Amino acid sequence: YSEEYEEKENGKHQTGAEKQLASWLWSRGYPDATNMTRKYRNAWEEYKEIKKNTTQLLGNQSRMESFGAWSSLGSVANIGGRILTIAIDPNNANNLFIGSASGGIWKSINAGSSWSYVPTNLPVLGVSSIVYHPTNSNILIAGTGEVYRTNNSNIGYNVWKARGTYGVGIVRSTDGGATWAQVMIKYTSDLFAVQEIMYDPNDANTVYACATD
């Protein structure tokens, strides 16, 4: 008697992905895979401190990659992974912002012919939603993080905590994406994400965010 036989008898087929993802979570969180969002933020602060010390040590050679002969594989357009959201400047269709699954924010100023990475100086990996202000193209808001649900948990708060990328809440730019500030800080023990953001069509001072909790 086996699990495979039981699955066939019940008319279901399990891929084993859930066990693989659980293993992925615990290997990253060992020995204690709880409060991962807080630990991720602490790791980011430690990274910034290491980067600052490395810059002081190397002088003009501020990147550790300068010690090795490394080159990027694949096109620049694919280095950020899957694309989750696209924002088109309502006043200039040549200006585009995209949010990626694990590569942060990217920008194009030539209607998508070429792209450049947008540094936020924040621990932003997954970006599920980016929106322009309806009348002021200098203002953009981005929701961070990406969380998937399991097939049998499509209702309510129960989200799969081992899939997606960590979110830090909502970030905002008032200078066309040149600099960003964290305007909603979210710390939870579970994986958190803002899946969609929308301006109120009747009042641009009101913004709605659809989040995992």
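Against the condition in a strand (DSSP E or B) and not hydrophobic (A, V, I, L, M, F, W, C), how does Gly112 come out, does it pass? Judged against the criteria, Gly112 is not a match. One residue alone among Thr120, Thr135 is open to solvent by 30 Å² or more (accessible area, probe 1.4 Å) and either within 19 Å of Ile197 (Cα to Cα) or touching a Lys or Arg at 6+ places or on another chain (Cβ under 8 Å) (or both), and that residue is Thr135. For region 47-61, the condition of being closer than 28 Å to Gln195 by Cβ, modelled with pLDDT of 75 or more and open to solvent by 100 Å² or more (accessible area, probe 1.4 Å) holds for at least one residue.
Of all residues in region 138-170 being surrounded by fewer than 16 Cβ atoms within 10 Å (Cβ to Cβ) and small (Gly, Ala, Ser), which is modelled with the highest pLDDT? Result: Ser153.
Within region 171-201, the set of residues being modelled with pLDDT of 95 or more and not in a strand (DSSP E or B) comprises Thr174, Asp175, Gly176, Gly177, Ala178, Thr179, Trp180.
The values are calculated or read from the model by the stated rules, or taken from the named source; none is laboratory data. Small disclaimer: the values here were computed from a predicted structure and weren't measured. Using ideal geometry, Cβ is built from the backbone for each residue, glycine included, and neighbour counts are taken over all protein chains shown. These accessible areas exclude ligands, DNA and RNA; they are computed on the full protein's heavy atoms, side chains included. Shrake-Rupley method; radii C 1.70, N 1.55, O 1.52, S 1.80 Å.
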